[in-house]
Each structure stands twice: as structure tokens, then as C-alpha cells.
Amino acid sequence: MKDQDAELIQNAIHGVAEVTRGDRGLRVHRLHSKYAMHHENDPLTQKVADQASGARLVFETLATRIEFGFRATGDKSIDGSFVSAPTTVNLTYAGKKLLFSHANPDRRVWSGNAVAHIETGEDAFAIFELEETIEPRMVELWLPHNSDIEILSLSADAPLEAAKVLAPKWVHYGSSISHCMEADEPLGVWPVVAARELDLDLFSLGLAGSANIEQFAARAIAELPADFISLKLGINPVGGRNMTRRTFVPAVHAFLDTVRAAHPETPIVLISPVICEALEDAPGPSGGGLDGKVKASEHRAEDWVGDLTLTMVREILEAAVARREDPNLAYLNGLELFGQEDVGLMPDGLHPNAEGYRLIGERFAKIAKEREYLR
């Protein structure tokens, strides 16, 4: 990749913490590499942080043809029971939306928690044809939400310039239900749906399987400029059974302490989990059943340990907000975003489908307006 193209991409990108040089082009990361030592024992966190959910390139241009070249990497289970969906890219301009889909990326073949080998795919070249214009306009190129990529090339039939984005900055943190791998396109990620409705400049730390209320994530949020912050907590500690009431409560407060110290007056919304019928009143670890639905644990520890359930997590988070007496901290019950009446849009009992994610985004935007989260 030419140096001037690399500079343009780094100036135009939003929603990533770091851009690094790959073998052939540029790679994007939603978590900075300085935090790698905090999670390097976990093969999942870095993988999902390198998938650009919510990230985009924003340009001002007269161009009517834009070509974007990249090499994508998806995932596959060694038995073939799971194969990642096609890699998709959106381009938006003047109220219009274009879509490119690529079905043959490289794929990591997983055997348990280890990569057995890589299946080789092919480069992708997304070509977008835009209507003519006589004035430069803002064009947004939304990067894939469900695979990591190496950006290989970017060209257009008119100069591209990094656009100045003046919208308020929104930082969101959450689990797979914020990452939204099951969405059918980058614009279907629910924080993206909400950000576009609310006219916000999104930085999404939706990290599938990895929102475990860890301090490196709180520090990452603390370092970002933010006019609005939302934290969707709870499903991963329950589903992974990696916390109890005894550890969850202080972890939530410590996380909020770190974020609040860096953003003393920024509005923060603490969001509890959406519905997951299996874990509402039973603890994790969650696993898959023969019917493809998520299951809870059959075993419980002694009551004093405080095995977490989603019902308990909602009670804890609501109490934590009340306890802190912070006028700029609000609580949002996740069941308001996706509840019992919506389980038909949750095929595996845990993750909404594409329609469900759009519904969450629309509902969040509506609630944010009604409750004046953005002051």
C-alpha cells in the first residue's frame, strides 16, 4: 500500500484504537496492543477486537466510483458445524446505502480453543458506483463487523479527503450482543443503527464473549474522547460463570470508578442484559444443546457463593446506579430493549438475529431521546 493511501486511511478511520502495518496493507484493532498482556491467555478477545464492528472510513469527495480492496479472515469449526457468514461492507452517502458481500475469505479452522490450520481464500474488491454530484459530499465506508481484514487498496475516480466529523462521540461497551456478528451487514449492528438515528460518532467496544468487566477495558474507555458512554454488562460473567455476586459487585463499581475518573461529567448509561431464557434464573456456564439452544448449568454452588443469574445481575446493576448517587449515571433494563415478547427473534436462545439487532438499535435510540441521555 502506498504511504499516502495509508495516511488517508488512518486520518479517515473512526471506531478503532490502532492501525498497524500488515504483510500487505493495514490492519485495524478496536483494542490497543498495549493491552495485549491483559488478555493474551484468552484466544477470543484479540480475535473479536480485530473485527471492526461499528468502524468506518469517512471521506469528503466528488467520487462516483470507489474501489476498496481487502483480505478478510473468518472462522470455521474443524467439524464444519460452524462456518462464518460472508464478509460484508457497506457504503453510505446522501441517505443511500450500498452493500458488498464476499463469501470466500481466509478461514481459521478451530479445534477447541486452538487454530488447527488456515483455509486459504481470496482477495476481495468492493466496487461502489455512486450517483453524480456537483458538490463534495460525505461518504462512509463501513468495515466488516464479523471478520478481521487487512486493507489492501483504496481508489476512486476523484480525490478522497478525510472528513471532519462533528457529531458527539459515543463510546459503547458490551458483549456479543453488542458486537452483533449475527447481523447481516455492518449497518445492522445495533449500536450502528442507534448511532445513525441519534447522529453520533460511534466507537463500539462490543467484544463477543469478552465483556467481563475487566480493568483494561475500563482504561481503554477512559482514554477515549466521549460525549456519551454506555456500558452493557452482565451476560458474559453469567454465561461464562467467571464471577459470583461477591466479585461482580466490586468489579462493576471499580469499572465505573475508572471510567468516571476520566470522564467526570459525561452521561453514562448502565445497561443490563437482554433476555436469555436459559439464564434468567439459573447460572452458567452456558452450553449448546442438541436442539441448538443455549442451556444453563445443571449444578449450583452453595448459596453463599452467589452464583449469578440474569435476574440477579439486573437487580445488582440497578442497585449500583442508585447507590452511587451520580446525576450523570442512568440505569436501563435490557428487557426494555429485547424481552420475552422478542424471543422468536433469538434462534439460539442467546443471540438475536439480524431483525432482532435492528429492533434493539431502534428501541435504544427511541429511549435515549425520550430520557434525554444526551444532554
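The values are calculated or read from the model by the stated rules, or taken from the named source; none is laboratory data. Quick caveat, the model's predicted, so the values are computed rather than measured. Please note: Cβ atoms are built from the backbone with ideal geometry, for glycine as well, and neighbour counts cover all protein chains shown.
Just a few scattered comments:
- Cβ-Cβ contacts under 6 Å between residues 6 or more apart (or on different chains), taken from a first residue in segment 360-371 that is farther than 17 Å from Gln340 by Cα to a second residue that is surrounded by 14 or more Cβ atoms within 10 Å (Cβ to Cβ) and among the charged types (D, E, K, R), are listed as Ala365/Glu197.
- Against the conditions (1) under 28 Å from Arg196 (Cβ atoms); (2) of a type in the set (S, T, N, Q); (3) out of contact with any strand residue (DSSP E or B) (no Cβ under 9 Å at 6 or more places or on another chain), Asn41 satisfies every one except (1).
- Residue tally, condition in contact with a strand residue (DSSP E or B) (Cβ under 9 Å, 6 or more places away or on another chain) and either among the hydroxyl-bearing types (Ser, Thr, Tyr) or more than 19 Å from Leu270 (Cα to Cα) (or both), over segment 202-213: 1
- Complete set of residues in segment 1-36 that are out of contact with any helix residue (DSSP H, G or I) (no Cβ under 6 Å at 6 or more places or on another chain), among the basic types (Lys, Arg) and not in a helix (DSSP H, G or I): Lys2, Arg21, Arg24, Arg27
- One residue alone among Gly206, Gly239, Gly284 is modelled with pLDDT of 95 or more, surrounded by 22 or more Cβ atoms within 10 Å (Cβ to Cβ) and not hydroxyl-bearing (Ser, Thr, Tyr), and that residue is Gly206.
- Taking the criterion of being under 20 Å from the mean Cα position of the chain (by Cα), in a loop (DSSP other than H, G, I, E, B) and modelled with pLDDT of 95 or more, the residues of segment 54-85 that qualify are Gly54, Ala55.
- Spans of helices (runs of 4 or more DSSP H) in segment 150-268 with at least 2 residues farther than 22 Å from His351 by Cβ, basic (Lys, Arg) and assigned by TED's automatic domain parsing to the domain that holds Leu308: 245-262
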